[in-house]
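Notes follow once the structure below has been shown.
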Amino acid sequence: MTQVTDNAGRYPWVRVNGDPRERGRSYGEQAADRVRRSVAAYAEVFARGAGLGWGDVREVARRFEAPIRSFGEQYLEELRGIAEGADVDPVDILAINVRTEIMYSAKARTAEAARGPRECTAFAVVPTRWSGEPVLVGQNWDWLPHSFETVVVLESVRDDGPSFVTVVEAGLLAKAGMNAAGLGLATNALATAWDRGEPGVPYHVLLRAILDCETVTGAYATLQRAWRSSSANYLVAHADGSVLDVEAAPGDFSRLFPLDRGALHLHTNHFVSPRFSGTDVSLWAMPDSPVRLNRLRAAVGGRAPLGAEEFMTLLGDHAGYPYSICAHPDEADDPTEQGATVASVVMGLEDRTMWLADGQPCSVPYRRLDLSGVLGGGRPTGEGGLAGASSAGAAGSRS
């Protein structure tokens with residue numbers, strides 16, 4: 001049986017409020033060491049995996065400033081605040097927020113590029129109208145092992161939009177998470193031959209923008225309204241039972257491919273839409289993706305109801321190890337290609353509950369985070385944040 005605990009976890013908890021600049025500054029101050037570790041780690045990753053020195057990376061990053069400004073000046077303000085708080089050059093913070101565009105454009109340009117680390121396994125399940133089952137969304141977040149030293153849980157309390165909580169690398173704007181409107185987000189990286197690093201709205205800015213949305217339709221419209229720079233899958237669900245899984249390639253609204261999957265949505269790191277007609281570099285870069293997807297489909301087939309604990313068990317699965325749903329590094333791989341599950345997240349949207357494994361769920365117990373006091377819904381906690389522990393400061397560190 002999956003172990004669930006309310007004990008204080010390993011990843012630091014960062015709570016921010018105020019306007020975008022203030023939130024960013026507070027984020028940078030509280031997570032300064034981890035933000036600097038992110039910058040240093042990606043300097044090495046870009047050099048080894050994309051053949052780019054940090055000066056080259058900074059020049060590439062600057063090309064994204066204008067598209068982000070056109071999309072939403074507030075996101076640049078948050079990035080500038082992070083840089084101020086962590087005492088880091090703002091261009092360095094911009095660079096780690098466009099790390100996907102830099103890395104996956106290298107994969108798409110040439111078959112000589114590094115394959116890259118394993119990526120994510122995501123799910124969402126919504127009930128039939130009268131079943132009374134919970135709305136769940138979640139994922140294993142698989143990435144480079146240095147991320148064990150950079151992940152934070154970011155809680156953003158806002159007056160200019162819905163408050164949200166996201167599990168994210170320090171210095172980046174967002175990853176998987178949920179907000180006070182009842183919207184939850186999981187995601188998978190994808191790569192196509194169109195991913196060439198052309199300036200547009202970056203992946204992690206779009207993730208942050210989705211957490212500003214109050215409806216699934218609003219999230220889809222957000223993806224439509226600007227030229228996207230990279231490929232990704234966005235799995236968005238709402239406490240009201242609405243859900244949409246959208247595969248996206250670089251470009252405008254015409255390169256968005258919504259999937260029709262009914263009540264159960266499962267996704268890994270390749271395109272499955274029959275409408276997609278491009279070259280799916282994901283299958284070359286991450287050949288384990290279809291294996292993981294088939295394993296997940298087989299595991300959930302015929303099982304009902306599917307609750308949070310069932311998914312926590314599935315996310316610890318080792319079929320195909322080390323390239324399994326619960327991913328582990330393969331020592332035979334180049335360091336820039338090694339991947340691991342750095343966090344596992346399951347979210348109950350109706351009562352604003354998150355279960356988080358601070359590492360590989362096969363060995364790290366999930367802890368229950370009752371976010372109803374911060375995000376609304378369910379039973380208030382009085383203080384908000386982590387159930388059974390203070391959310392005002394760091395909840396410890398993993399090294």
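The values are calculated or read from the model by the stated rules, or taken from the named source; none is laboratory data. Computed from a prediction, not measured in an experiment: that's the story for all the values here. No Cβ is skipped: glycine too gets one built from the backbone with ideal geometry, and neighbour counts run over all protein chains shown.
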Requested in this report: Would you point out the residue of region 34-66, among those that are out of contact with any helix residue (DSSP H, G or I) (no Cβ under 9 Å at 6 or more places or on another chain) and farther than 18 Å from VAL88 by Cα, that is modelled with the highest pLDDT?
Outcome: ALA66
Query raised in the report: For region 69-86, which residues satisfy the criterion of being touching a residue at least 60 places away in the same chain (Cβ under 8 Å), surrounded by fewer than 23 Cβ atoms within 10 Å (Cβ to Cβ) and under 22 Å from the mean Cα position of the chain (by Cα)?
Result: PHE71, GLY72, GLN74
Report summary line: Restricting region 244-296 to residues that are among the polar types (S, T, N, Q) and touching an Asp or Glu at 6+ places or on another chain (Cβ under 9 Å), the one nearest to SER324 (Cα to Cα) turns out to be SER289
Query - Number of positions in region 91-143 that are modelled with pLDDT under 90, among the small types (Gly, Ala, Ser) and not in a loop (DSSP other than H, G, I, E, B) - result: 3
Report summary line: The lone condition ALA174 fails out of (1) surrounded by fewer than 24 Cβ atoms within 10 Å (Cβ to Cβ); (2) part of a loop (DSSP other than H, G, I, E, B) is (1)
Report task. Specify which of the listed residues (THR166, THR222, THR217, THR187) is among the polar types (S, T, N, Q), closer than 25 Å to ALA32 by Cα and outside any loop (DSSP other than H, G, I, E, B). Result -> THR166
Report task. Out of ALA327, ALA319, ALA298, report the one residue that is of a type in the set (A, V, I, L, M), surrounded by 24 or more Cβ atoms within 10 Å (Cβ to Cβ) and out of contact with any Leu (no Cβ under 8 Å at 6 or more places or on another chain). Result -> ALA327
Report summary line: Of the residues in region 225-242 that are over 15 Å from the mean Cα position of the chain (by Cα) and part of a loop (DSSP other than H, G, I, E, B), the one that is surrounded by the fewest Cβ atoms within 10 Å (Cβ to Cβ) is ARG225
Query - So GLY177, is it under 29 Å from ARG367 (Cα atoms), at pLDDT 95 or above and out of contact with any His (no Cβ under 7 Å at 6 or more places or on another chain) - result: yes
Requested in this report: Please determine, by comparing only the residues of region 53-66 that are farther than 13 Å from GLU101 by Cα and either of a type in the set (A, V, I, L, M, F, W, C) or touching a Pro at 6+ places or on another chain (Cβ under 6 Å) (or both), which one is surrounded by the fewest Cβ atoms within 10 Å (Cβ to Cβ).
Outcome: ALA66
Query raised in the report: Within region 349-378, how many residues turn out to be among the small types (Gly, Ala, Ser) and within 17 Å of the chain's Cα centre (by Cα)?
Result: 2
Query raised in the report: Would you say VAL168 is surrounded by fewer than 24 Cβ atoms within 10 Å (Cβ to Cβ) and at pLDDT 95 or above?
Result: no
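To keep it simple, each residue is scored yes or no on (1) closer than 21 Å to VAL137 by Cβ; (2) at pLDDT 90 or above; (3) buried (at least 23 other Cβ atoms within 10 Å of the Cβ).
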residue: VAL291; (1), (2), (3): no, yes, no
residue: TYR323; (1), (2), (3): no, yes, no
residue: ASP333; (1), (2), (3): no, no, no
residue: ALA343; (1), (2), (3): yes, yes, yes
residue: MET347; (1), (2), (3): yes, yes, yes
residue: MET354; (1), (2), (3): yes, yes, yes
**Report entry** Subset of region 45-66 [out of contact with any Phe, Trp or Tyr (no Cβ under 6 Å at 6 or more places or on another chain), over 25 Å from LEU154 (Cα atoms) and either of a type in the set (D, E, K, R) or not in a helix (DSSP H, G or I) (or both)]
**Finding:** ARG48, GLY51, GLY53, ASP56, ARG58, GLU59, ARG62, ARG63
Report task. With respect to SER147, determine if the residue is modelled with pLDDT of 95 or more, within 19 Å of ALA50 (Cβ to Cβ) and out of contact with any Ser or Thr (no Cβ under 7 Å at 6 or more places or on another chain). Result -> yes
Report task. Please indicate, with yes or no, whether at least one residue in region 183-201 is basic (Lys, Arg), under 23 Å from GLN74 (Cα atoms) and touching a residue at least 12 places away in the same chain (Cβ under 8 Å). Result -> no
Query raised in the report: Would you call GLU247 part of a strand (DSSP E or B), under 29 Å from VAL153 (Cβ atoms), among the charged types (D, E, K, R) and free of Cβ contacts under 8 Å to residues at least 60 places away in the same chain?
Result: yes
